[in-house]
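Novice: Questions regarding the structure given below will be posed in turn.
Just so you know, all these numbers are worked out from the coordinates, no wet-lab data involved. Fair warning: this is a prediction, and the values are worked out from it, not measured in the lab. Note that each Cβ is placed from the backbone with ideal geometry, even for glycine, and that neighbours are counted across all protein chains shown.
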């Protein structure tokens with residue numbers, strides 16, 4: 001007596017590739033042209049590979065900067081202060097030189113408020 005033959009049924013749709021899932025996006029003609037140009041300059045294997053590399057670079061650059069230790073920040077501030085003293089205006093009064101130096105070291109308040117790596121001042 002013969003044993004029954006089992007037939008494996010095919011699944012519907014495209015077969016799985018075993019790779020990462022597809023994420024489709026719409027790109028303007030201009031943006032596609034720019035990506036293709038970047039891919040050619042950086043020898044990317046395909047447009048998809050170029051887009052992956054560009055996204056990885058963008059995400060790596062978007063990470064917040066690590067907080068520096070207080071010791072490192074103080075050292076950098078002292079070094080910057082010495083350079084400011086060297087190039088400062090000698091004809092300005094000592095008071096004016098101190099104000100200018102502080103403004104350069106601390107930065108304008110508009111920009112200090114935007115910095116994500118500095119704690120916010122309590123008001």
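Novice: Round to the nearest 10 and give me the degree value, 0 to 90, for the angle of helix 29-41's Cα axis relative to the longest principal axis of the chain.
Specialist: 80 degrees
Novice: While we're here: Given just the C-alpha atoms of region 70-114, how large is their convex hull per residue in cubic angstrom?
Specialist: 81 Å³
Novice: Now for a separate question. In terms of the ratio Rg/(2.2 N^0.38 Å) built on C-alpha atoms, what value belongs to the chain?
Specialist: Compactness ratio reported: 2.14.
Novice: For the chain, find the longest principal axis of its Cα atoms and tell me its angle to the long axis of helix 70-87, 0 to 90°, nearest 10.
Specialist: So the helix axis and the longest Cα principal axis differ by about 50 degrees.
Novice: Which order do the peptides 83-95, 3-15 take when ranked by the mean count of other beta-carbon atoms within 10 Å per residue, highest first?
Specialist: With the highest mean Cβ count within 10 Å placed first, the list reads 83-95, 3-15.
Novice: Helix 47-61: angle to the longest alpha-carbon principal axis of the chain, degrees 0 to 90, nearest 10?
Specialist: That works out to roughly 30 degrees.
Novice: When only C-alpha pairs under 8 Å and at least 6 residues apart count, what is the relative contact order of the chain, in percent?
Specialist: 16 percent.
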